[in-house]
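Only one structure is covered here, and it is reproduced in the block below.
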Amino acid sequence: MSLTLNLAEQLISRPSVTPEDAGCLQLLTERLQPLGFVCEPMDSGPAEFRVQNLWSKRPVAPAQQAQAAIKTIVFAGHTDVVPTGPLAQWKSDPFIPTHRDGKLYGRGASDMKTSIAAFVVAVEEFLAATPAPLLNIAFLLTSDEEGPSVDGTKVVVEQLKARGETMDYCIVGEPTAVKRTGDMIKNGRRGTLSGKLTVRGIQGHIAYPHLARNPIHEAVPALAELSATRWDEGNAFFQPTSWQMSNIHGGTGASNIIPGAVVIDFNFRFCTESTAEGLKKRVHTVLDRHDLEYELQWTLGGQPFLTTPGDLVEAVQQAIAAETGLTTELSTTGGTSDGRFIATICPQVVELGPPNASIHKIDEHIAIADIEPLKNIYRRTLENLQAQAVAASA
Ligand SMILES: [Zn+2]
């Protein structure tokens, strides 16, 4: 049996619904320590929502540490999974890895326990062939990526920054492929910025509008202007920034009352052509110009990040081409990921994992045929980075 498949199954059989880790990190620690990894638990959060994190690093031999060419590659991922949904709808128990029609079924099969297993086995194979690489290798793993993501990767990155830890390359194992492992990777993600806008008027009888002030009427022209605004044009890597309203609440329920307030929720998904501060300012300018009486609460969910083609993207693209024959597509679409936190400490971050068509669904699965190529792509990426390091130190 494939070592990657075997380890993936061991992880899937641990029911680690956020923030539970269910022993996944312990299993991985036992696997990494014999390879020379120093494993540091960095758990965080209150007792009722305790998040387990692991920072595990294998430094190069002391004699090589002074070399300028030594870089650090980090594999980042999460052991937690989303809830199963109605168990009766699953064809097999989501926490008993099951094979059917060439696929491995189980919660976390594609998001993202197989990626973790693949990277561990890739490192094992790489170190067996290259016992003293010119690369520091590390794992940053958390049991809260699918939940609030407050005590997970974010906290580990803050602690690593505080003690001066650096990294050069990071591969996040999120499922990024469309049809086959390797056909798409993410080299960036959009940022997310939410606003809760309360526009105030004066409540009154609908038959006496001159004695009231209708906040819905006052808000509508401003909202129309905001929805028609072109925030930027995007760029070679990103779609243009988008602004969308998600909720409007106004009115008392009675049809003869002008309400006193209307509340509008909206969200920006923004690219690297705009900044959160710049977007906030532009929204305020529109609201002020329409003379609204309003309050606006902002929540910055994540900054955008972009890794332009360089050492890491090249190493990954070459590895994908060599292992699968595919020319991978670089993409920045989709929701946020923990890449947003890692990008604040690591200049080059890419996300690379198996197809994502079944993630978070009933009967989540991964095609068995996608598993070995994923491990091989990870291993060859390490080999490519090692070759770059050797060339740079020559
Ligand atoms: Zn995930």
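The values are calculated or read from the model by the stated rules, or taken from the named source; none is laboratory data. Note that the structure is predicted; figures quoted are calculated from it, not measured. Note that we place each Cβ from the backbone using ideal geometry, even for glycine, and neighbour counts take in every protein chain shown. Keep in mind that these areas ignore ligands, DNA and RNA; they rest on the heavy atoms of the full protein, side chains included. Shrake-Rupley method; radii C 1.70, N 1.55, O 1.52, S 1.80 Å.
Counting Lys and Arg as +1 and Asp and Glu as -1, what is the net charge of the other residues whose Cβ lies under 14 Å from the Cβ of Ile342?
-2
Using C-alpha positions alone, give me the convex hull volume of segment 96-170 per residue in cubic angstrom.
Considering the Cα atoms of segment 96-170, their hull volume per residue is 126 Å³.
May I ask you to list the aspartates and glutamates whose Cα is less than 18 Å away from that of Lys375, ignoring any residue fewer than eight positions away on the same chain?
Leaving aside aspartates and glutamates fewer than 8 places away in the same chain, those within reach of Lys375 are Glu9, Asp111, Glu124, Glu125, Glu174, Asp183, Glu314, Glu323, Glu351, Glu383.
Using the charge dipole of segment 191-302 (Lys, Arg: +1 at Cβ; Asp, Glu: -1 at Cβ; taken about the Cα centre), state which of Asn267, Leu193, Gly253 has its Cα farthest towards the positive end.
Ranked along the dipole, the leading option is Gly253.
Give me the 1.4 Å probe accessible area per residue for segment 191-302, excluding ligands and nucleic acids, in Å².
On a per-residue basis, segment 191-302 sits at 54 Å².
For segment 133-180, what is the convex hull (Cα atoms) projected area averaged across all directions, in square nanometres?
The number I arrive at for segment 133-180 is 5.2 nm².
How much length, in nm to one decimal, is gained on full extension between Ala387 and Gln26, taken as 0.36 nm per residue of separation minus their Cα-Cα distance?
Fully extending the segment from Ala387 to Gln26 adds 126.8 nm.
Could you tell me the calculated FRET efficiency between Lys91 and Asp265, based on Cβ-Cβ distance and R0 = 41 angstrom, to the nearest 0.05?
The pair Lys91/Asp265 has a calculated efficiency of 0.65.
Treating the angle as unsigned and between 0 and 90°, give the value, to the nearest 10°, between the Cα long axis of helix 311-324 and the longest Cα principal axis of the chain.
70
Full-extension gain between Gln159 and Lys196, please, as 0.36 nm times their residue separation minus the C-alpha to C-alpha distance.
Answer, rounded to one decimal: 10.2 nm.
In this model, which of Lys161/Lys186; Lys161/Lys361; Lys57/Lys280; Lys113/Lys161 are farther than 32 Å apart at the alpha-carbon?
Result: Lys161/Lys361; Lys57/Lys280 exceed 32 Å.
Which residues in segment 219-256 have a backbone N closer than 14 Å to a point placed 7 Å from the Cα of Arg282 along the Cα-to-Cβ line?
So the set is 225-235, 239-244.
Dipole of the chain, Cα-centred, from +1 at each Lys and Arg C-beta and -1 at each Asp and Glu C-beta, to the nearest 20 debye?
Computed about the Cα centre, the dipole is about 260 debye.
Give the span of segment 191-302's Cα atoms along each principal axis, as three whole-Å numbers ordered largest to smallest.
Largest first, segment 191-302 extends 54, 24, 18 Å along its Cα principal axes.
So if we plug the beta-carbon distance of Ser2 and Asp183 into 1/(1 + (r/R0)^6) with R0 = 22 Å, what FRET efficiency do we get, rounded to 0.05?
Between Ser2 and Asp183 the formula returns 0.55.
Just round it to a whole percent: the fraction of Cα-Cα distances in the chain exceeding 39 Å.
So the portion of pairs separated by more than 39 Å is 27 percent.
In segment 117-195, what percent of the accessible surface is made up of carbon and sulfur (1.4 Å probe, ligands and nucleic acids excluded)?
52
Give me the accessible area per residue for segment 3-70, probe 1.4 Å, as a whole number in Å².
Counting only protein heavy atoms, the per-residue value for segment 3-70 is 46 Å².
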